Structure formats: C-alpha cells, structure tokens
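J.: Pasting in a structure now, in structure tokens, and then I'll have a few things to ask.
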Amino acid sequence: MTVSMPSKPALFSRPLPILIFIALAVILDQIVKTAVDRFLPLQEAVPVVPMLALYRTYNVGVAFSMLSGMDGWLIVGMRLVIVVFVLWLWRRSEEDRWLAHLGFALIIAGALGNLVDRFLYGHVIDYILFHTETWSFAVFNLADSFITVGAAAVILDELLLPKKAKA
C-alpha cells in the first residue's frame, strides 16, 4: 500500500511568491524606464545591433500605441479591469497550472508597470524598436513584453499542458 502525499501547489499558485514576482517585475520595469527617460535622447534612434535600436518615445495609448486618441482615464480604467479579470482567471485556475500562473503574473506586472507610468507622467515610456531599412515595428517597453510573453504562456498552458478530468 502506498501513501500519496498531497502535492505542493506550484510556486506561482501561492499568493506570496506571485506578489513578490510582480513587485520585482514592476520595479525592474520602472528602473529601466527611469534610465531611458534620463539618458536616451527623445525620438532619436540609438542602434544596438542590426534591426534593434533604443528609441525613447512617449505613448499616450495602450500597448504598441493602440487607442492613442482615447482619454487617458478610460485607458487607466481598461487596464484596471484587465488586472481584475486576470486575477479572477488566476483564482479560478487549478493550482498545478504553473505556466498559466506565470503568464497571469507577467500580464499583471506589465499592466501595473504601464499604469505606474500613466499615473506618474500621463503617458507610457517606450524605448525598444525593431526595424529594417523599410519597416519598423511599434516602439514598446519591458512592460509590454511582460504582457505579450504572459499571454503566450497562458495560451501555451492551455494548448500543451495536460488537463485534469472534470468529475
């Protein structure tokens, strides 16, 4: 006869580790944005490697400059709704869904990082530019990357990790 021990919840299924992770990610995002705002020239490309430049610009919209004509407080409200929705998804998901939980943490950290900018400056500081001679991607920042990678982690969790059978 074997005795099975209850499994320990995944790291990002527990509130304290996820809160610490989110706080550290937001702090890192803000440190980088402060350095960018202080040391990079405004709207002037600083080449890093071919196809990648640092380019400080101010985004009054949401990720990748979408909805830039929308009222700032409406954007803040949308971001807060997204954070609440992601928290709700996290709470409803199974404890062993570590990849989804990591994704939720990244999405929340990215949304909060950009919210801090919105409250402090009235805009978001963007600075990463991928480009070629004839094309360029929207300028973005670390918080946008957190959101994108987080969304990808949630999708990968849904597509790749086994699900428990519903009783």
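J.: Using each residue's phi in region 129-135, evaluate 6.51 cos²θ - 1.76 cosθ + 1.60 at θ = phi - 60° and report the 3J(HN,Hα) Karplus result to the nearest Hz, with x for Gly and Pro.
T.: Taking θ as phi minus 60°, the curve returns 10, 9, 7, 10, 5, 10, 8 Hz for region 129-135.
J.: Another question, then. Enumerate the amide H contacts of E95 below 5 Å, restricted to partners 5 or more residues apart or on another chain; note that Pro and chain-start residues carry no placed amide H.
T.: none
J.: What is the sum of charges, Lys and Arg at +1 and Asp and Glu at -1, for the other residues whose Cβ falls under 14 Å from the Cβ of L156?
T.: The answer is 0.
J.: What net charge do the residues around R56 carry, taking every other residue with its C-beta under 12 Å from that of R56, with Lys and Arg at +1 and Asp and Glu at -1? Each step should come with its number before you reach the end.
T.: Details: positive: K33, R38; negative: D37, E44, D126.
After counting each charged neighbour, the total is -1.
J.: For T148 and E95, what does the FRET efficiency come to when R0 = 25 Å and r is the distance between their Cβ atoms, rounded to the nearest 0.05?
T.: E between T148 and E95, to the nearest 0.05, is 0.50.
J.: Turning to a different aspect of this structure: How large is ³J(HN,Hα) for each residue in region 136-153, as worked out from phi by the Karplus curve 6.51 cos²θ - 1.76 cosθ + 1.60 (θ = phi - 60°), to whole Hz, x for Gly and Pro?
T.: Those phi angles translate into 8, 8, 4, 5, 9, 9, 4, 4, 4, 5, 4, 4, 5, 5, x, 4, 5, 5 Hz.
J.: Could I ask something else about it? Applying the Karplus parametrisation 6.51 cos²θ - 1.76 cosθ + 1.60 with θ = phi - 60° to the phi angles of region 87-101, what ³J(HN,Hα) value in whole Hz is obtained for each residue in order, glycine and proline being reported as x?
T.: For region 87-101, the Karplus-derived couplings read 4, 5, 4, 4, 5, 7, 7, 5, 5, 8, 7, 4, 5, 5, 5 Hz, x marking Gly and Pro.
J.: Tally Lys/Arg at +1 and Asp/Glu at -1 over every other residue whose Cβ is under 12 Å from the Cβ of F85; what's the total? Each step should come with its number before you reach the end.
T.: Numbers: positive: R79, R91, R92; negative: none.
After counting each charged neighbour, the total is +3.
J.: For R56, enumerate residues with amide H under 5 Å from its amide H, sequence gap 5+ or separate chain, H modeled in the peptide plane.
T.: So R56 has HN proximity to Q43, E44.
A short reminder: the numbers here are calculations on the coordinates, not readings from a lab. Note that the coordinates shown come from a computational prediction; the quantities given were computed from them, not determined experimentally. Cβ sites come from the backbone with ideal geometry, for glycine too, and all protein chains shown count toward neighbours.
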